[in-house]
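Let me begin by presenting the structure, written as structure tokens, before commenting on it.
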Amino acid sequence: MSQPVDWGPPPAERADAARNRRLLLATAREMLAAHGADKLTMDGLAERAGLGKGTVFRRFGTRAGIFQALLDDDERAFQQQVLSGPPPLGPGAPPLDRLTAYGRARIGFLISNREIARAAIDGRDPVRPGTEGPMSRGHIRLLLGQLRLGAADLDVLATQLTAALDGPLLLYLSSDALAGDAADNVAGRLARGWEDLIRRVARP
């Protein structure tokens, strides 16, 4: 049987650096909640957190780096739910149920983090074709292996399913369709589409 995917621990940090990181991320989230992503700047974050501008620049590098760090923080929390949370998203459910639950949860995660994801894209370093989520392909490949799909090329199939899951969401990141209650409708439609796709792939 395939072994669980190991995404590894976060890089080790000095105590003071870890404390500053937690403070900056918490402060950035407060500013996001109060004023939105457009109002979050490097200088403003430094002032609000009571830290020097140099500390903020060394930590994040660019304004987009703030949002990349926020997204990474949320990503790790999401990974923990997949690795050790309750089933069917976490261990303990049949692989088809876990694969379905993963897609539904991932769609909800991407849509709820769309504002941060948009701001995390640095125009000087555009998203390259083939870029995929940090955990999707590995986890999908693991669960496909447990489904016993015969002669299917599981590596290719995992890549294609990852694109089907994460790819369309990228199109919605800047869409007005996600404003207000419409986001729930989009999330529901995408989740139902994912479940239908997975059940068709797994059909004997």
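Of everything listed in (1) at pLDDT below 85; (2) over 22 Å from Gly108 (Cβ atoms); (3) of a type outside the set (S, T, N, Q), the single unmet condition for Ala183 is (2). The set of residues in region 115-143 that are at pLDDT 85 or above and among the charged types (D, E, K, R) comprises Glu115, Arg137, Arg141. Scanning region 74-93 for residues that are surrounded by fewer than 18 Cβ atoms within 10 Å (Cβ to Cβ) and part of a helix (DSSP H, G or I) returns Asp74, Glu75, Arg76, Ala77, Gln79, Gln80, Gln81, Leu83, Ser84.
Of all residues in region 189-204, which are modelled with pLDDT under 90 and within 9 Å of Ile107 (Cα to Cα)?
We begin by selecting, within region 189-204, every residue modelled with pLDDT under 90; these are 189-190, 203-204.
Correct list: Leu190 only.
Counting the residues of region 143-154 that are in a helix (DSSP H, G or I) and either free of Cβ contacts under 8 Å to residues at least 40 places away in the same chain or crowded, with 20+ Cβ neighbours inside 10 Å (or both) gives 3. Residues that are part of a helix (DSSP H, G or I), among the small types (Gly, Ala, Ser) and surrounded by fewer than 19 Cβ atoms within 10 Å (Cβ to Cβ) within region 25-36 comprise Ala26, Ala33, Ala34, listed in sequence order. Taken residue by residue, region 13-22 has at least one member that is buried (at least 16 other Cβ atoms within 10 Å of the Cβ) and either at pLDDT below 95 or not in a helix (DSSP H, G or I) (or both).
The values are calculated or read from the model by the stated rules, or taken from the named source; none is laboratory data. As the structure is a computational prediction, the values presented were derived from the model and not from experiment. Note that we place each Cβ from the backbone using ideal geometry, even for glycine, and neighbour counts take in every protein chain shown.
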